[in-house]
Amino acid sequence: MAITHPLTAALPSTQEALPDGPVVVADDVTLAFAGVVAVKGVSYEVAPRELFAIVGPNGAGKTSNFNLVSGVYQPTSGSMHVLGHDVTTMKPHEIARTGVARTFQNIELFENLTVVDNLMLGRQQHLHYGAGAAMLRTRRVQQAEVANREVVEAIVDFLDIQSHRDALVGMLPYGVQKRVELGRALAMEPKLLLLDEPVAGMNLEETEDMARFILDIRDELGVTIIMVEHDMGLVMDLADRVLVLDFGEVIANDVPSVVQRDPAVIRAYLGGTDMAELEGTR
Amino acid sequence: MATRPRMIRSHRDAMALVRTPTRAVWLGILLVFAFAAPLWMSNGLLFLLLAGLAYIVGAIGLNLVSGYAGQLSLGHAFFLAVGAYTAAVISGPSTQTTFGLGINEILVWLPAAGITAGLAGFLVGPIATRLRGLYLAIVTLGLVLVGDHVLRTWTGLTGGVGFGRQAPDPTLLGLDLSTTGPILGVDVARSALLYWFSLVVVILLTILALNLVRSRTGRAFQAVRDRDVAAEIMGIDLTRTKLIAFTVSSAYAGIAGAMLTMRLETIEATQFNLLLSFLFIAMILIGGIASIPGSIAGALVIAILPDIAGPLGSVLTPVFETLTFWRADAGFPLDEFQLEQLLYGALLIAFVLLEPRGLIGLWVRVRNYWKAFPFSY
Ligand SMILES: Nc1ncnc2c1ncn2[C@@H]1O[C@H](COP(=O)(O)OP(=O)(O)O)[C@@H](O)[C@H]1O
Ligand SMILES: [Mg+2]
């Protein structure tokens with residue numbers, strides 16, 4: 001076992017003190033599309049360093065919630081506070097700069113770029129030079145590129161993807177792409193990390209690796225994590241608290257052992273094929 | 001400790017522009033050839049190469065905004081015009097018909113051409129960055145049409161259709177670059193000086209572009225092109241990034257416009273039309289989208305195409321004359337210009353269908369083939 005994790009040195013700002021109070025406060029948030037209300041009056045809070053899971057049947061509004069936290073969508077009503085900022089009407093790139101990173105349910109990597117370049121894109125906010133300096137490749141630019149490349153290499157080592165470093169991401173197998181996407185989010189040096197179905201479509205071994213990465217990120221770096229996941233076994237094993245959504249509404253919000261026995265939750269999963277997953281708890 | 005000389009040992013090495021000694025050697029040979037060209041080339045070919053150098057600058061500019069940042073622009077000709085006329089106004093004298101400042105120092109008017117065109121791009125940018133895909137293409141198309149109209153009617157600037165105005169006059173620190181005759185005792189072809197100066201400009205602008213695309217900004221361009229939502233999630237400001245791409249691209253176009261016209265006697269108001277925009281799109285499609293070396297290759301191919309069309313025509317004419325089923329009296333059915341246009345079209349279709357990565361893609365394939373030789377498959 002590593003004594004001090006090399007990532008803690010590479011990603012210092014993940015361990016900076018958080019503002020007082022919850023990391024995320026969703027207050028009566030509603031998101032309506034033409035025809036569908038994806039999120040209905042949802043309220044929840046996520047505490048610092050918590051590993052918070054959001055579960056629910058397909059179409060329950062889990063991804064929509066992530067889109068609200070990260071600014072891809074703005075709530076129709078209600079308010080959203082993240083890391084002490086009112087992000088209700090903020091743009092995604094502004095929210096990202098407050099220290100929020102995320103992965104996507106359907107991998108959203110830059111397929112035409114190499115693994116290293118994808119991770120370097122995660123470092124975007126930590127590179128402070130402008131286009132003019134970039135063209136002249138000043139000493140400051142070179143130093144910034146090298147320093148950030150070192151951070152990227154630390155993440156490459158952590159995720160054990162050294163051999164794929166210079167490969168185009170589009171050519172990589174699915175499981176590796178999932179890792180690279182986690183790496184790109186991690187490269188942002190976030191204080192809040194949103195993971196949308198991080199182990200979907202993975203085999204047992206890949207799932208276990210991913211679970212270890214997630215725990216390391218929380219335990220070693222102290223990053224607050226919200227995770228959407230269908231693998232109930234993983235959720236029950238990892239999560240500190242579980243929010244259950246059904247048809248856009250909150251039906252439970254408690255520690256895993258309580259949520260597991262909640263009649264409303266069991267009812268929501270009953271009849272659906274998802275029941276099998278609930279029973280498949282490891 | 002003895003280290004293998006060709007091993008990449010640091011991040012700095014890995015990020016270098018020229019990563020291996022082999023590449024450095026090839027690059028050196030290429031540069032020697034490029035600089036020696038005027039010593040053996042005919043004036044005609046040199047004149048085409050001068051256009052080629054200007055094309056390179058313009059093609060790199062278009063590749064930055066369209067190839068890297070993914071913003072399809074049909075408005076490139078407009079920014080070439082802004083650069084060309086900035087240069088002409090600064091360098092040209094005031095006459096009864098046209099106004100000018102009479103400063104023919106190229107180190108003044110060439111950067112100025114880039115700055116005004118860049119500024120124009122920066123001003124148009126905010127409209128363009130709100131649009132995407134076909135809408136952007138239509139708006140930039142409008143830019144060329146409006147620009148074309150303005151040039152045709154603003155005779156104080158252009159000298160009017162059919163008359164034109166004097167092209168920018170290249171004088172480098174008092175030395176007229178378009179002179180003939182011996183330099184340091186050696187007879188050099190006319191426009192050799194202009195060629196060498198242009199070559200240095202092209203090399204500098206190529207290095208600047210290569211630096212840009214391997215930087216934070218260049219990566220942001222590609223992120224915006226491939227997945228704009230993911231780019232925003234990385235903290236990239238879409239509007240700002242597209243605006244930078246437009247501005248830099250337009251500045252390159254402006255310099256290209258000035259370079260393209262400085263080898264001529266006069267600038268014609270009608271030459272900055274949609275066809276010119278398409279010519280640059282053809283260059284990056286043929287050379288390789290999102291590739292700086294590709295931009296260079298594509299620009300050179302398009303530049304020497306007129307020189308290929310002529311000989312090809314004279315080869316094909318007797319062939320066609322022997323075809324008895326062809327109307328014997330008609331001879332070869334196309335003139336040189338038509339043949340040139342046909343070649344453009346054929347090249348474009350061939351590349352889009354067969355090698356969408358352009359000449360660079362072709363090169364990579366050939367290189368990989370030889371690397372694996374004789375076990376190519
Ligand atoms: N952009 C959109 N436009 C219209 N409806 C949407 C959009 N995004 C999500 N929805 C709808 O919102 C509901 C919740 O979707 P989502 O949040 O993706 O569910 P989950 O991630 O829990 O499976 C679904 O009914 C879905 O069809
Ligand atoms: Mg989802």
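A compact table of results
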item	result
Test set (1) within 14 Å of chain B (Cβ to nearest Cβ); (2) more than 16 Å from ligand 2 (Cβ to nearest atom); (3) of a type outside the set (V, I, T); (4) surrounded by fewer than 15 Cβ atoms within 10 Å (Cβ to Cβ) - A:G35 fails condition number	(1)
Candidate set from segment A:117-144 (those that are over 20 Å from the mean Cα position of the chain (by Cα) and in contact (Cβ under 8 Å) with a residue 12 or more places away in the chain); member that is nearest to the other protein chains (Cβ to nearest Cβ)	A:L127
Only listed residue being within 16 Å of ligand 2 (Cβ to nearest atom) and touching a residue at least 24 places away in the same chain (Cβ under 8 Å), chosen from A:L245, A:L238	A:L245
Total residues in segment A:100-126, condition of a type in the set (A, V, I, L, M, F, W, C), farther than 15 Å from B:Q222 by Cβ and either within 16 Å of ligand 2 (Cβ to nearest atom) or surrounded by fewer than 22 Cβ atoms within 10 Å (Cβ to Cβ) (or both)	2
Considering residues of segment A:92-102 that are over 18 Å from A:L11 (Cα atoms) and more than 7 Å from every other protein chain (Cβ to nearest Cβ) only, the residue nearest to the chain's Cα centre (by Cα)	A:I95
Test: A:T63 is closer than 21 Å to B:M234 by Cα, within 16 Å of ligand 2 (Cβ to nearest atom) and of a type outside the set (A, V, I, L, M)	yes
Residue identified as of a type in the set (F, W, Y), in contact with a Leu (Cβ under 9 Å, 6 or more places away or on another chain) and more than 13 Å from ligand 1 (Cβ to nearest atom) among A:F66, A:F110	A:F110
Residue match in segment A:28-36 (condition: of a type in the set (S, T, N, Q) and more than 15 Å from ligand 1 (Cβ to nearest atom))	no
Filtered residue count, segment A:236-272, keeping only those that are assigned to a loop (DSSP other than H, G, I, E, B), out of contact with any strand residue (DSSP E or B) (no Cβ under 8 Å at 6 or more places or on another chain) and within 13 Å of ligand 1 (Cβ to nearest atom)	1
In segment B:196-242, the residues that are at the interface with chain A (Cβ under 9 Å from one of its Cβ atoms), under 24 Å from A:T103 (Cα atoms) and either β-branched (V, I, T) or in a loop (DSSP other than H, G, I, E, B) (or both)	B:S215, B:T217, B:R227, B:V229, B:I233, B:M234, B:G235, B:I236, B:D237
Residue match in segment A:132-141 (condition: among the small types (G, A, S), closer than 30 Å to A:E45 by Cα and touching a Gly at 6+ places or on another chain (Cβ under 9 Å))	no
Test: residue in segment B:302-323 that is modelled with pLDDT of 85 or more, surrounded by 19 or more Cβ atoms within 10 Å (Cβ to Cβ) and in a helix (DSSP H, G or I)	yes
Odd one out for A:L11, checked against (1) buried (at least 22 other Cβ atoms within 10 Å of the Cβ); (2) within 23 Å of A:V259 (Cβ to Cβ); (3) of a type outside the set (K, R)	(2)
Verdict on A:G71 being more than 28 Å from A:M236 (Cβ to Cβ), touching a residue at least 12 places away in the same chain (Cβ under 8 Å) and away from ligand 1 (no atom under 12 Å from the Cβ)	yes
So A:G170, is it assigned to a helix (DSSP H, G or I), more than 11 Å from the chain's Cα centre (by Cα), within 14 Å of chain B (Cβ to nearest Cβ) and surrounded by fewer than 18 Cβ atoms within 10 Å (Cβ to Cβ)	yes
Residue in segment A:82-90 that is under 21 Å from A:K191 (Cα atoms), within 14 Å of chain B (Cβ to nearest Cβ) and crowded, with 23+ Cβ neighbours inside 10 Å present	yes
Candidate set from segment A:195-222 (those that are of a type in the set (V, I, T) and away from ligand 2 (no atom under 16 Å from the Cβ)); member that is surrounded by the most Cβ atoms within 10 Å (Cβ to Cβ)	A:I217
Residue within segment A:223-235 that is among the hydroxyl-bearing types (S, T, Y), buried (at least 23 other Cβ atoms within 10 Å of the Cβ) and either in contact (Cβ under 8 Å) with a residue 60 or more places away in the chain or part of a loop (DSSP other than H, G, I, E, B) (or both) present	yes
Selection from segment A:178-194 of residues that are within 12 Å of chain B (Cβ to nearest Cβ) and among the charged types (D, E, K, R)	A:E181, A:R184, A:E189
Number of the condition not met by A:E150 [criteria: (1) more than 16 Å from ligand 1 (Cβ to nearest atom); (2) at pLDDT 95 or above]	(2)
B:L107 being part of a helix (DSSP H, G or I) and more than 22 Å from B:A77 (Cα to Cα)	yes
Close pairs (6 angstrom Cβ cut-off, 6 or more residues apart or separate chains): within 14 Å of another protein chain (Cβ to nearest Cβ) in segment A:54-65, charged (D, E, K, R) and within 8 Å of ligand 2 (Cβ to nearest atom) anywhere	A:T63/A:D196
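The values are calculated or read from the model by the stated rules, or taken from the named source; none is laboratory data. On a predicted model such as this, the values are computed, not experimentally measured, just so you know. So basically every Cβ, Gly included, is an ideal-geometry build from the backbone, and we count neighbours across all protein chains shown.
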